[in-house]
Every structure is written in structure tokens, then in C-alpha cells.
1. Taking Ala224, is it modelled with pLDDT of 95 or more, in a loop (DSSP other than H, G, I, E, B), out of contact with any strand residue (DSSP E or B) (no Cβ under 8 Å at 6 or more places or on another chain) and not β-branched (Val, Ile, Thr)?
2. Restricting to the stretch 115-142, name every residue that is aliphatic (A, V, I, L, M) and in contact with a helix residue (DSSP H, G or I) (Cβ under 7 Å, 6 or more places away or on another chain).
3. Taking the stretch 91-122 on its own, how many of its residues are without any contact (Cβ under 8 Å) to a residue 40 or more places away in the chain, under 21 Å from Phe196 (Cα atoms) and open to solvent by 40 Å² or more (accessible area, probe 1.4 Å)?
4. Please go through the stretch 207-242 and pick out each residue that is buried (at least 21 other Cβ atoms within 10 Å of the Cβ) and closer than 30 Å to Asp155 by Cβ.
5. Of all the residues that make up the stretch 243-256, how many are surrounded by fewer than 20 Cβ atoms within 10 Å (Cβ to Cβ), out of contact with any strand residue (DSSP E or B) (no Cβ under 7 Å at 6 or more places or on another chain) and not β-branched (Val, Ile, Thr)?
6. Is it fair to say Leu291 is surrounded by fewer than 16 Cβ atoms within 10 Å (Cβ to Cβ), modelled with pLDDT under 95, under 18 Å from the mean Cα position of the chain (by Cα) and not in a strand (DSSP E or B)?
7. Note down all Cβ pairs under 7 Å where the first residue falls in the stretch 76-90 and is more than 18 Å from Arg103 (Cβ to Cβ), the second is outside any loop (DSSP other than H, G, I, E, B) and modelled with pLDDT under 95, and they're at least six residues apart or on different chains.
8. How many residues, within the stretch 153-190, are at positive phi and surrounded by fewer than 23 Cβ atoms within 10 Å (Cβ to Cβ)?
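The values are calculated or read from the model by the stated rules, or taken from the named source; none is laboratory data. Quantities reported herein were computed from a predicted structural model and do not represent experimental measurements. Here the Cβ positions follow ideal geometry from the backbone for every residue, glycine too, while neighbour counts run over all protein chains shown. Ligands, DNA and RNA are stripped out before the accessible areas are found, and what is left, the full protein with its side chains, is counted by its heavy atoms. Shrake-Rupley method; radii C 1.70, N 1.55, O 1.52, S 1.80 Å.
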Amino acid sequence: MSEWTRRLCIVSLCALCVACCETLNGCKQQVAAAQSKGEPRYVSDPRTFPLWEHGAPGAVGDRDEDKPTLTYYSPILPSDTRTAIIVAPGGSYHMLASNHEGRQVANWLNAMGVTAFVLKYRLGPRYHHPIELGDAQRAIRIVRTRAAEFGIQPDRIGIMGFSAGGHLAATASTHFDAGKANAPDAIDRVSSRPDFAILGYPVISMSASFTHQGSATNLLGENADAALRQELSNELHVTRQTPPTFLFTTSEDTLVPPENSVAYYLALHKADVPAEIHVFEKGPHGVGLDLGDPATGEWPNLLRNWLRSRGLLTK
């Protein structure tokens, strides 16, 4: 290497270091400014906390699977969106696909400035309905109660679910209450209604021929009666109060057929609830973000456009 080349490399490296330092100092200054205004302190590392501090109602033991939690993922800097999304991974109500339908999705949401929470809810066959719904409702109430702490607005809290987690998100969207004003626990005094919902290849019906039987059995138990199956068939319980919903699925999904998503969309449309659906031609069940696929991998971009159109990515 010539002396001229060596000096050029040193100059370039120094310039890069200066740029990095300026960027880092700029980030620090933004965080410090936010904190000086009394805004919440943001951290980039996930933080997990229980839904109930002193044990979950209906718990049948004290093992990890008996303790539902939320894992909090915040944008590194204070978010301009002030929007939060609770993510419910799928897994047939028997396990949780918490990597590609949880953590990865939370990181992607953070990149848009959205605060994310990944829900660990209790599972069958150890637990059956209404335990799972109770966990989801508690998560919504907690995030709403602590909105100021998390730097979000209490009316910008969505729920997002994949597969069986999509069923849970749809159930939370159709089975909610305004809270109990005289409840001893302040968290129980606020609404459990999500402000919007995002459903990825969701299980929707528990009574139609296109249901996912494994999810139905794990959630409702063996030989559940027809009334219970209908109660948890969410396409039958959409009203004008059901939150706006974004859905996506694929025509090739043979595990949870696209009829689930279509049935829910039609119910939303009939009730005049704002809704958008995308049925991709290709793609198996459980694709997650699927950013590498040139077709199905477009769904995150479509979702971003939908969120933006609803004013959820701006103050």
C-alpha cells in the first residue's frame, strides 16, 4: 500500500468515526431532551413482566406455563406514533411460535416506531376457554392503564395474532367489555376492547367445516358442545363495535383454510366495520413476516400502508 493510499484510508476512517459519533451524540441528545420533558425513558432491550403480580386467576400450578406474561419491546428513541400493538403468536393453542410470530414481528414494528408487546398466554390442554381470552383481555387493560409509562396513547392499542393467536385476537375483538368501574384492581376498570386488529392466517371459526380441529380441541376440550363452539366462532359475533381489522392469508394454506379469513372479512363488511383483506395465491401456513418471498412477503408493506392510512403511524 502506498503512503498516499494509507493516508486516504486513515482520513476516510476518521471521517466515518466522526459521523458515527455525531449520530450517537444526536441519539443521546434526543433521548436526554425527551427525558428532560418528563417523557418516559425508553430502553431497547425487551422486558418481561407478569400479567398478574400475585398469580393468575385460574392457575392450576406454579410452573412457567401457569404464568402469562407480556414482553415489552420499545423503539430505541421515543416514538412519534404513540401506537402500541400486542402480538399473540400462534401454535394451535398448544405451543407458541414466539420467534417468527413474536420477537421478529415486534422488532419489525419497532422499526416503524410502534411499541410492541408479545403475549405469552396460557395453553391447552392444560387450560381451556375462557382462560386464554382472559389473558388477552388483561394484556390490553394493562397496556391501556400504563399508556403514559409506555409513551403511547390509550386509544391506539391494537392486537395482532397469527393462526391460533389470530383466533385469540379475533376473540378479543368480538368479546370485550368496558371494564368494571368499582373493581378493586384499577387495571380491571378500563376497557378490554382493542382499537384495531391485525390477523395473519387466523383460525376464526370453531363450528364451520373449515375450522382447525387441533386448535378447537386444545381451546375447548374434547367433544365441546355446539353452543360453546358457536360462542367462539368469531365470524358470528361481529358488530359495529368490532374494531377495524387487517387480514392476510394464502390460497395454499391447507392447515387453516383461507375461508376463515374470508368469513370474518364478510362479517366485518356486513357490519360496516372498516376492513382490508389480502389472499395471496402462494404460500404455506405459518409464514410469519416472510420478507424473502417476492409475493407473500409484501404483506408487511401492505399492513404498513393500512396503518398509515388510519393515522396510526403519525401523531
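1. yes
2. Ala116, Val118, Leu119, Leu123, Leu133, Ala136, Ile140, Ile142
3. The qualifying residues number 2.
4. Result: Leu219, Leu232, Ser233, Asn234, Glu235, Val238, Thr242.
5. Residues that pass the stated criteria total 2.
6. Yes.
7. Close Cβ pairs satisfying both conditions: Leu77/Cys27; Leu77/Gln30; Leu77/Val31; Pro78/Ala34.
8. Count: 1.
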